[in-house]
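Colleague: Let me begin by handing over the structure; questions about it come next.
The values are calculated or read from the model by the stated rules, or taken from the named source; none is laboratory data. Values in this document were obtained by computation on a predicted structure and should not be read as measured data. So basically every Cβ, Gly included, is an ideal-geometry build from the backbone, and we count neighbours across all protein chains shown. Accessible surface areas use protein heavy atoms only, side chains included; no ligands, DNA or RNA. Shrake-Rupley method; radii C 1.70, N 1.55, O 1.52, S 1.80 Å.
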Amino acid sequence: MTEKDFSQYGIGTRGVRAGQRRTQEGEQSEPIFTTSSFVFDSAEQAAARFSGEEAGNIYSRFTNPTVNTFERRLAALEGGERCVATASGMAAITAACHALLKSGDHILSSNGIFGSTTVLFNKYLSRFGIEHRSIPLCDLDRWKSSIQPNTRMLFIETPSNPLAEVVDIKALAEIAHRKGCLLVVDNTVCTAALQRPLELGADLVVVSATKYLDGQGRCVGGAVVGSGELIEEVYSYLRTAGPSMSPFNAWVFMKGLETLRVRMQAHSASALMLAQWMENHAAVKKVFYTGLKSHPQHTLATHQQDGFSGLLAFELKGGRDEAWRFINGTTLVSITANLGDAKTTITHPATTTHGRLSDEEREAAGIHQGLVRVAVGLEDVEDLQADLQRGFDALKQGQ
Ligand SMILES: Cc1ncc(COP(=O)(O)O)c(C=O)c1O
């Protein structure tokens, strides 16, 4: 097995090549090791592997060569020392919290984080004595003044999903470190192709691989990336608790990484065009997209990100009925809550992704009933525009 160092290469090259350890067969494409356990030459070798005296695979809940290739490739893309793959994006967030926090600790997060993450923090981690409070993402003074003596982790999504708010990661990392806290960034929306939080000072990146890393809506998975020391803690938790990634899913995600950069560029280009078109539409109250010059953090996003991603949200003049009528008026895009797929998806966040939040939590997150989220895919942008126009036409029919 051979493996080259790709750290001096660009993001596109790393996505295609990093992490591969070609076997003696000389394969061009990486193999899938669909095996639950690994065989030893002798009882002595088994003992040496279990004691850690000898490196090597034991059991696929602990390590698997295909999963490891995906992990090395994603670590190279994110610019982290090490990555550990998980069964889902939520498993990545859960594992990072369970591995690095203890009873009495406090998580300070931004308001607009993914709905299940909020439920995890408020309903489940609280049962183990871990407190949580959320504050507005963009207000650095609030972050400074809200860190408590027991705050151990700052947790953010930037850009946020679906409202595309952005915070200065470098500045927030400095605030976190001055107070002895870890900064964890959910990088699902931009991915390493467009934003690398670790290079800006964040301690950990968590990602839902289910979204853009796969890119074709096939598998559920996630990952945590960071320093060798922190990832060892997360890995130790995972190999015990169990939500590890399957080799097949790892292979799909690894192949997804090979096209990630070009896909993210294409998603971003189409989303920008649609955002600009929507911004001037009479039925639209507000468009949420970091690529728009009118976006309050557009300049920051331009410096911090290499693109604006495919996630586009807009608030219609009206409430839930108008949003549902718009969605039901489309005929090409898929009505589904996933994002990051080649096939464009459309959803009503208030009654789907953020439906489990209380009215207060939803209001704090800015998820109003008239909000519609489109995860712009890879279809011809003219066809997408025509389909969204069908949504606007449906609004007129309902009047
Ligand atoms: C920003 C973000 N983080 C985390 C998750 C959770 O990922 P998964 O569904 O793979 O568990 C999602 C899922 O939609 C998400 O949008």
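Colleague: Can you name the residue in region 197-226 that is open to solvent by 40 Å² or more (accessible area, probe 1.4 Å) and away from the ligand (no atom under 14 Å from the Cβ) and is also nearest to LEU183 (Cα to Cα) among such residues?
Modeller: The extreme case among them is LEU200.
Colleague: Looking for whichever is touching a residue at least 40 places away in the same chain (Cβ under 8 Å) and open to solvent by less than 10 Å² (accessible area, probe 1.4 Å) here; the options are LEU395, LEU378, LEU384. Which one fits? Step through it out loud before you land on a result.
Modeller: Working: LEU395 fails: open to solvent by less than 10 Å² (accessible area, probe 1.4 Å); LEU378 fails: open to solvent by less than 10 Å² (accessible area, probe 1.4 Å).
Result of the check over LEU395, LEU378, LEU384: LEU384.
Colleague: Of the conditions (1) open to solvent by 10 Å² or more (accessible area, probe 1.4 Å); (2) within 12 Å of the ligand (Cβ to nearest atom), ARG82 clears all except one; give me its number.
Modeller: Unmet condition: (2).
Colleague: On to the next question. Among the listed residues GLY12, GLY19, GLY56, which satisfies the condition of being touching a residue at least 12 places away in the same chain (Cβ under 8 Å), in a loop (DSSP other than H, G, I, E, B) and under 29 Å from GLN195 (Cα atoms)? If you could, list the steps in order and put the result at the bottom.
Modeller: Values: GLY12 fails: in a loop (DSSP other than H, G, I, E, B); GLY56 fails: under 29 Å from GLN195 (Cα atoms).
Answer to the selection: GLY19.
Colleague: Does any residue of region 222-235 turn out to be in a helix (DSSP H, G or I) and within 29 Å of HIS348 (Cβ to Cβ)? Lay out the reasoning, then the answer.
Modeller: Our first condition is that a residue be in a helix (DSSP H, G or I); within region 222-235, this holds for 228-235.
Filter again for within 29 Å of HIS348 (Cβ to Cβ), leaving none.
The answer is no, given that none of the residues of region 222-235 is in a helix (DSSP H, G or I) and within 29 Å of HIS348 (Cβ to Cβ).
Colleague: Go through region 352-368 and report how many residues are loosely packed, with under 15 Cβ neighbours inside 10 Å and either within 16 Å of PRO162 (Cα to Cα) or within 16 Å of the ligand (Cβ to nearest atom) (or both). Before you say what the answer is, go through the steps one by one.
Modeller: Going through region 352-368, the residues loosely packed, with under 15 Cβ neighbours inside 10 Å turn out to be 352, 355-356, 358-360, 363.
Of the ones still in play, those that are also either within 16 Å of PRO162 (Cα to Cα) or within 16 Å of the ligand (Cβ to nearest atom) (or both) are 352, 355-356, 363.
Going through region 352-368 one residue at a time, the tally reaches 4.
Colleague: While we're here: Can you pull out the strands (runs of 3 or more DSSP E) entirely within region 93-193 that have at least 2 residues that are more than 12 Å from the ligand (Cβ to nearest atom) and open to solvent by less than 30 Å² (accessible area, probe 1.4 Å)? Let's see the steps before the verdict.
Modeller: Numbers: elements: 106-110, 131-135, 151-157, 182-186.
Counting at least 2 such residues, we get 106-110, 151-157, 182-186.
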